Structures are given as C-alpha cells and as structure tokens.
Amino acid sequence: MDSNTLQILIAMIIYMAVVILIGIMFAKRANASSENYFLGGRSLGPWVTAMSAEASDMSGWLLMGLPGVAYWCGLADAAWTAIGLAVGTYFNWLIVSKRLRRYSIRANNAITLPEFFSNRFRENKKLIMTIAAAFILIFFTVYASSCLVTCGKLFSTLFGAPYIAMMILGAVFVLVYTLLGGFLAESASDFMQAIVMIVALAVVVGLGVAHAGGFGAVIENAKSIPGFLDFFGLATPVVENGQQVVSAGKPVFGDAASYGILSVCSCMAWGLGYFGMPQVLLRFMAIRKEDELVRSRRIAMIWVVISLAVAVFIGIIGRHLFPVAHLTASAAENIFITLSTSYLPPILAGFVMAGILAATISSSDSYLLIAASAFAKNVYQGLIKKDADDKQVMIVSRITLLVIALIAMFIALDENSIIFTIVSFAWAGFGATFGPLMIFSLFWKRTNRAGAVAGMLGGAGMVFLWKLVLKPLGGAFGIYELLPAFIFSCICIVVVSLLTKAPSKEIEEDFEYVRTQKAD
C-alpha cells in the first residue's frame, strides 16, 4: 500500500470512527424501548428530519449510479430522472408529510409503516400488516444489496482488494453500526452524512471544471458526442465484447438514439416512488412537531436540487476528463471515485470517498432497520407472539438484521452489478406497493381494507410482471415498470373499494378527525 492510499484509508477510518461514536452515544436511549429504537420517540427536529430523509433516500447511487448513467449515455436519462425525483420529493413533503404524521398518531401511535396501514383500517386479522411487512423485507433486502455493491466497488477500486472481501467488510461495518444505535443514531449520522455528501459533490465538480479548462470546455466536449447533451436524444456507446470500442484514444459512439415522450415519462416516473418510500415516510412520522415539516420541506428541496444537479454534471465532466477510463456501464459508476482520487490530495480524497461511504451507510442502515422492524414488530409481535415484550422484540429485530444482511450479501456477490439497475427495481417495488395506498389512505375516505390489499398485491405483482415478462419485449413495454404498476395499483384500490363494503363508522371518524385536526 503506497502513501497516497494509506492517507485515503486513514481519512476514511477517522470518518467511520465518528459514525460508530454516534451509534454508541445514542445506544442507551435507543434501546430504552422499541418506539425509541424504531422511530426515535418522535423527537426529530426539522433539520435532522429533512437531511436524514434525503440522505437515507439517495444512497450510494447519488454519487455513483447517477453520475455513471450520465457518463455512459449522456444527459437525458440522468437529467429526466433527477427532475422526476425533485418533483416527487416536493409533492411528498407538501401533501403527505403533515397528514401522515397526524394520522400515524391517531392510528394507535403506529411506529412502522405496516402498523400504520393495519391500524388505519382497524383490522383484527393482520392481513395488511403481513403483506406490507413481507414486501418491505423483499424490497429492502434488494435495496440493501445495492448499498453493499457500492461498498464493494468503492473499496476494491481504492485499494485494489478483491471485490467480494471488500463488500463483506462494508456489510459488517453497516450491520454493527445499525445494531448499536437504531433510528436515532441512524438519523443523527444521516444528518452528518447529508452534509458530507453535498460537500463532496460540490468539491469534486468544482475541481473537475477547473481541470477541464472551464465550463465551456466541458460543454463543447459533450456537444461533440451525438446525443450526449440532448434532453430528447441519447448517446449510444458502440460496444464489442462487453466493452465500449476505443479508436485513436477516443471512445466510439454511434448515432444518437431517439428519446421521445414515453422515455421522458419513464424517467419522470421515478418521482412517484417517493409516496411509498418507508425510509422517507418514517421521518414524517418521527418529527417532534407537525408544523416543523414546512421548514423541513424547504431544507430538503434545497439539498435535493443541488445534489441531483451536481451528480448529473459530474458524469458529464468525467466523460471529458477521462473519456476511456470506464468502458462498461458498470465501470462507469466509478467516475466519481476517479475524479476524486485524481485531483484531490490523498487525505482530502479520503474524506470525499467518505461521502460515498456516507451515502451507502445512510441508506443501508435505514433499509436494514426498517426491514427488521417490519418483521420483529409487525410479524413476530403482531402475529406470532402477540404477548412479546419490548426486550423480545429487540432481540428478534437484531436476529432479523443479521439474516437480511446475509441475504443482501449473497445478492451483491456479482461485482458487475449495476447499482442504478438494482435501485430502480427496489424503488419501483416500494413506489407501486405502498405509494398509491398511502395517498388513498390519507385522502380518500372510501378506501377500505379490501382495496388496500388489492392495491398492494396489484402494484407489487405488476412490478414483477412488467420487469421480468413485458419489459424485455421492448417498444412501449420498455417504460420504467413503476409507472404502469403505480397506475394499476390505483385502479385496484378504487375498483375493489367501490365493489366491497364501505369502511366502518369508526374508520370514517378517524379519517375525519385527522382531516380536520389542526397542526400541533
């Protein structure tokens, strides 16, 4: 290990030590009760709520996946996805956050998403809770695997170590940290990590522009690639034997591909996912005062817009500065690492690399914790052992954390996995399974238990059907699976609710109470 690599390693160790310290600081308070462990006792302030929600949501794909898409095929896919995410973020905070916070308290002080849905419909047989918990376990396991792929790629690229060994090392660190401090530690460290992420993005893009000879030089290079800088066109790398062709030291591109309204809608559909993202929705439930959500929304939007725009531009800068450094879609996701280690002093590069680690940790700990709570609180205590006390729930949650981490590690064994692709599937799963149900639960009084079940099963089922069966057919079926699945879930909720018995008087009274209550 040379001196530069050693300095990078030292900086990252310092950062990791700080994160573990945060976990230790919150460990005692977190373990006081399951509510503290899973929801922080509803004590989050507006800054921590906003920053932790966005950091846990964006994950390593913000620093690796999104720049990788821009580097590989240009502006359109990355930019329209970013726009969709920004719009979805805004409307989620605007229309969902306040009412969900209020409704989760009315719904017998629900502290998990499955518990909220179950209590919202006052079900005795916990069918909604079981289905919701099962899908959380499935999709968050996939989601967690994308974070482990990020860890593996980061450490193997930096230190030249085997991918699998580095992926396992990252998984162990995240698991230990999550076991320590629960939701409070996760939210507090996510606040810090959100700051690290945006600073890392800003520093790298600034240095990249400077070394490229200015903003104009970057734009001129992008314009020279057919379709690379178009909003309605797509660059098409010429690939042979799995790698982009290089001629005279330059990457070879074919003619620009068309990028019509269907493609735009496909990318913009990413924004729909926010309405069903447990890691974001839980922050709405956990804030200490409902009226502080307005400030949180403003903070979150500023962070999201800046971070997404800079992440996309990093991919465009990278194609100018390192045109042949990454010749596959998977390798393209390392462009942020390449820029950072090339232009920063090693010790500073280490802290910027910690930005990737920050993004990964902030997401994977959320995913593991929410998945564990879904099983321990909703399945184990809700169905298997209804008289289980808090101590037993906490033990089961930790065992669940370990099992989920092991499964995620197995999924992440393939070092050629594309982070963006893994995230897109899990994102669609959550968005279509829980997004429509969340909106209808909060804003349509006629929604009933049968409609809720139909909506979840219909949305999740359509994600799998569209992704695995219909999408390979191409054409109109090539659209991102979240959009048709979201629409199908909405139709299922409305049709089944109208065809079955109306909600009980008590459920309707709960709805009216929440609708008319003023903010605390």
Restricting region 488-517 to residues that are within 31 Å of the chain's Cα centre (by Cα) and open to solvent by 50 Å² or more (accessible area, probe 1.4 Å), the residue that is modelled with the lowest pLDDT: Arg515
Test: Trp61 is modelled with pLDDT under 95 and closer than 24 Å to Leu262 by Cα: yes
Lone qualifier among Ala78, Ala70 - being touching a Leu at 6+ places or on another chain (Cβ under 6 Å), in contact (Cβ under 8 Å) with a residue 24 or more places away in the chain and under 24 Å from Thr360 (Cα atoms): Ala78
Tabulated pairs, region 89-117, first among the small types (Gly, Ala, Ser), second assigned to a loop (DSSP other than H, G, I, E, B), C-beta under 6 angstrom, 6+ apart or interchain: Ser104/Ala110
Enumerated helices (runs of 4 or more DSSP H) restricted to region 197-312, each holding at least 2 residues that are over 30 Å from Val352 (Cβ atoms): 261-268, 278-286
Subset of region 313-352 (residues that are part of a loop (DSSP other than H, G, I, E, B) and polar (S, T, N, Q)): Thr328, Asn334
Subset of region 85-133 [open to solvent by 60 Å² or more (accessible area, probe 1.4 Å) and in contact with a Pro (Cβ under 8 Å, 6 or more places away or on another chain)]: none
Any hit, region 284-297, residues being closer than 22 Å to Gly455 by Cβ and open to solvent by 40 Å² or more (accessible area, probe 1.4 Å): no
Verdict on Leu281 being modelled with pLDDT under 95 and over 13 Å from the mean Cα position of the chain (by Cα): no
Test result for Thr447, of a type in the set (Ser, Thr, Tyr), assigned to a helix (DSSP H, G or I) and either within 30 Å of Ile164 (Cβ to Cβ) or open to solvent by less than 10 Å² (accessible area, probe 1.4 Å) (or both): no
Qualifying positions in region 468-514 - assigned to a helix (DSSP H, G or I), touching a residue at least 40 places away in the same chain (Cβ under 8 Å) and either charged (D, E, K, R) or in contact with a strand residue (DSSP E or B) (Cβ under 6 Å, 6 or more places away or on another chain) (or both): Glu506, Glu508, Asp510, Glu512
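The values are calculated or read from the model by the stated rules, or taken from the named source; none is laboratory data. Predicted model, so just to flag it, every value in this text is computed and none were measured. Note that we place each Cβ from the backbone using ideal geometry, even for glycine, and neighbour counts take in every protein chain shown. Side chains included, ligands, DNA and RNA excluded: accessible areas come from the protein's heavy atoms. Shrake-Rupley method; radii C 1.70, N 1.55, O 1.52, S 1.80 Å.
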